[in-house]
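Working notes for the structure below.
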Amino acid sequence: MRSSLKTETNIAAPRRGAVLVIVMVCLMLIMLLMASLLKSALMQRRQMIKEQFRVQAEWILESALERAARQRLNDPDYQGEVWQISPVDLGTRYAGSAEIKLKPEGKDDRLISIEARVHYPENTSFSITRTKKIIL
């Protein structure tokens, strides 16, 4: 009888070890899955922030062109400016800037080209730059 007890004890020990290995492998797989999901969520967040910056830069660009047209109507000698926009004015955490240039277009100088280049957010490593030119 003693020999049968030893055999049962020896068989039970490897089974416990195998169950432990299976549990550890399952935990590792779950951790890898969670890490992958976290990485995906962070990438989506970064992409959403970039898209938000792009849309804000487009709005600033349109505003800069409208500002230039209005300034030119008020002052025929207006040739452009660097328009600094504070975070308070934008309602965001970041400032922006728009470089506005006006040039005569065509032979008779009746047409004027307005070019605006926007940087948003200003003075950051991840800023968006957009440029647009219109002719009036």
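The values are calculated or read from the model by the stated rules, or taken from the named source; none is laboratory data. Just so it is clear, the structure is predicted and the values come from calculations on it, not from any experiment. For neighbour counting, all protein chains shown are included, and Cβ atoms are generated from backbone atoms with ideal geometry for every residue, glycine included.
Some observations on this one:
- Taking every residue in the stretch 33-47 that is free of Cβ contacts under 8 Å to residues at least 60 places away in the same chain and pairing it with any residue that is of a type in the set (Lys, Arg) and surrounded by 10 or more Cβ atoms within 10 Å (Cβ to Cβ), at least 6 positions away or on another chain, yields no pair with a Cβ-Cβ distance below 9 Å.
- Filter result (of a type in the set (S, T, N, Q) and either in a helix (DSSP H, G or I) or farther than 23 Å from GLU122 by Cβ (or both)) within the stretch 45-86: GLN47, GLN52, GLN56, SER63, GLN71, ASN74
- Any hit, the stretch 102-114, residues being in contact with a strand residue (DSSP E or B) (Cβ under 9 Å, 6 or more places away or on another chain), acidic (Asp, Glu) and modelled with pLDDT under 95: yes
- Applying the criterion of being in contact with a Pro (Cβ under 8 Å, 6 or more places away or on another chain) and among the hydrophobic types (A, V, I, L, M, F, W, C) to the residues of the stretch 68-114, the residue that is farthest from ILE128 (Cα to Cα) is LEU111.
- Residue match in the stretch 23-44 (condition: touching a Phe, Trp or Tyr at 6+ places or on another chain (Cβ under 7 Å) and either aliphatic (A, V, I, L, M) or assigned to a helix (DSSP H, G or I) (or both)): no
- Checking THR92 against (1) assigned to a helix (DSSP H, G or I); (2) at pLDDT below 95; (3) under 21 Å from the mean Cα position of the chain (by Cα), the condition it does not meet: (1)
- Matching residues, the stretch 66-88, being loosely packed, with under 11 Cβ neighbours inside 10 Å and either at pLDDT below 95 or under 16 Å from LEU136 (Cβ atoms) (or both): LEU73, ASN74, ASP75, PRO76, ASP77
- Matching residues in the stretch 32-65 - criterion: being buried (at least 16 other Cβ atoms within 10 Å of the Cβ) and among the hydrophobic types (A, V, I, L, M, F, W, C): PHE53, ALA57, ILE60, LEU61, ALA64, LEU65
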